[in-house]
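The values are calculated or read from the model by the stated rules, or taken from the named source; none is laboratory data. As the structure is a prediction and not an experimental result, all values here were calculated from the model. Cβ placement follows ideal geometry from the backbone for every residue including glycine, while neighbour counts extend to all protein chains displayed. Note: accessible area is taken over every heavy atom of the protein model, side chains too, but ligands, DNA and RNA are not part of it. Shrake-Rupley method; radii C 1.70, N 1.55, O 1.52, S 1.80 Å.
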Amino acid sequence: MTLAYYLTASKALNFGAVATRRSLNLKFPFKWSLRNIHMENNHKSNSRGALIVLEGLDRSGKTSQLSRLHSYLEGLGYLVESWRFPDRNTGVGQMISSYLANKSQLDDHAIHLLFSANRWEKRSLMETKLRSGTTLIVDRYSFSGVAFSSAKSLDIEWCKAPEVGLLAPDLVLYLDIPPEKAAERGGYGGERYEQLEFQRKVAHSYQLLHDASWKIVDASLPVEDVEKQLREMVLDCVTTCRNGKALSQLWSS
Ligand code: NYM
Ligand code: MG
């Protein structure tokens, strides 16, 4: 059973107000005016890059779609970077990587917090990039954190707590695929969690997490068809953020 089955209608994204420009007050000296124009633009215009997250089970096709989207946006002239979590290049990321490779054992709560810490250590860089106009397309984010840990029977609210205050994605693209079909795709890589029975539980956990910022795409379709759908959604989101949209935080009331 797929996530789409559980969906009724998805709500339109709330678009931030587009900033308006005020006319120059020519009565003031030139130097004063220039500084004010600069400050006003920074403050008023929330123009920025978009935070776009791809989520889904292992082998749902996130990584290849991400690289296709990257080329597409770059071809259109956008500043874009591809990110992924876990980011295995940091000290925390190396602990996570060793755990996933079954080279170390950790309590379920402890590894959950490490995954979260791995996002926190990137939070300020993420904000800087977005504010400077770079769109980030991210392979997995907090939703993976909650879905995989709660699939191990950790309390879902406990799992969400350390993620509160991270930047909220502008768009979450969920690549929806039945766990059985994902398992058929060339097999799993042998990391922890890459087992059909566990992936079924993860799929169920994802069902509890989606909200209006998610778009569900049928990832069983041919790669090109999935790509076509993603392109439209992404372009729409990138345009909205470029026109001005405030950054918001994840799971803050
Ligand atoms: N994973 C990923 C988690 O359990 N929690 C998290 O917060 C994140 C970001 O790590 N099976 C799991 C999901 C994957 C595994 O990710 C490695 P990838 O995308 O296969 O490298
Ligand atoms: Mg994987």
Exercise. Using heavy-atom solvent-accessible surface (probe 1.4 Å) with all chains present, what is the largest-first order of LYS160, LYS62, LYS228?
Worked result: LYS228, LYS160, LYS62
For this session: Would you mind computing, in nm to one decimal, how far apart the modelled labels at ARG88 and GLU184 are, each placed 7 Å from Cα along Cα→Cβ?
Result: 2.8
Exercise. Using a simple charge model, +1 on the beta-carbon of Lys and Arg, -1 on the beta-carbon of Asp and Glu, nothing else, what dipole does the range 85-169 show about its Cα centre, in debye to the nearest 20?
Worked result: 300
For this session: Mind listing the long-range amide H neighbours of VAL80? Cut-off is under 5 Å, sequence gap 5 or more, other chains count too, H placed in the peptide plane at 1.01 Å from N.
Result: THR135
Seminar exercise, completed: The long-range amide H neighbours of VAL138, using H built 1.01 Å from N in the peptide plane and a cut-off of under 5 Å, are ILE52, VAL53, LEU54, TRP83
Seminar exercise, completed: extent check for the range 64-144: Cα max minus min per principal axis, descending, whole Å, gives 45, 26, 21
Seminar exercise, completed: Sorted by chain and number, the residues with a modelled amide H under 5 Å from that of LYS215, at a separation of 5 or more or across chains, are VAL172, LEU173, TYR174
For this session: Using a/c under 1.5 as the rounded threshold, could you call the range 163-240 rounded, prolate or oblate? The axes a ≥ b ≥ c are square roots of the C-alpha gyration tensor eigenvalues, and prolate needs a/b larger than b/c, oblate otherwise.
Result: oblate
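At 0.890 mPa s and 25 °C, plugging the Kirkwood radius over alpha-carbon pairs of the range 62-209 into Stokes-Einstein gives what diffusion coefficient in µm²/s?
The estimated diffusion coefficient comes to 149 µm²/s.
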Seminar exercise, completed: In nanometres, the difference between 0.36 nm per residue of separation and the alpha-carbon distance of ASP155 and SER104 is 16.0 nm
Exercise. Once you charge only the Cβ atoms, +1 for Lys and Arg and -1 for Asp and Glu, what is the size of the charge dipole of the range 48-242 about its Cα centre, to the nearest 20 debye?
Worked result: 420
